[in-house]
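Colleague: Attaching a single structure in structure tokens format; questions to follow.
The values are calculated or read from the model by the stated rules, or taken from the named source; none is laboratory data. Everything numeric in this text was worked out from a predicted model, so none of it was measured. Positions of Cβ are generated from backbone atoms using ideal geometry, with glycine treated the same way; all protein chains shown enter the neighbour counts.
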């Protein structure tokens, strides 16, 4: 069998070129559609990310404002707490002197002694006292010293001088420490 090709080679070449162009065009079109779709998806993702970033930045800004407000409130709270502590300390300290004088008066023997001088030095939770007084006799002085030593709020009671007066009374001085009772909060 012999084949004879009556179609000119240019025609078949043109047909092949057209078919190749159609396939290349279809492939190019398909590639263009795929690239376009991918580009569109990337662009949409980019726009969504930019929108999300703006929303997150707005949230961060709101949270920063809230954090600054909370910081100001915390600072104000600290100031108020500090002032409150000072007021409480002053109120507690204001009551220390009446406590001291109540304890001192309770310890004195009634109508047998008179204080002539009282010096006080306040410490953190105590008072140092130096007292000069006169009493009806040495028995009165000894009785008062025993009362002071029996009390837990007076410590380090020390008689520093004792003088007998002509009228039978005794002039004396003593030093001691008064411990301020702690209050239960």
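Colleague: Of 104, 115, which residue is closer than 30 Å to residue 180 by Cα and touching a residue at least 24 places away in the same chain (Cβ under 8 Å)?
Modeller: The unique qualifying residue is 104.
Colleague: Here's a follow-up. Could you check residue 89 against (1) at pLDDT below 85; (2) assigned by TED's automatic domain parsing to the domain that holds residue 136 and say which number it fails?
Modeller: Only one criterion in (1) at pLDDT below 85; (2) assigned by TED's automatic domain parsing to the domain that holds residue 136 is unmet by residue 89, namely (2).
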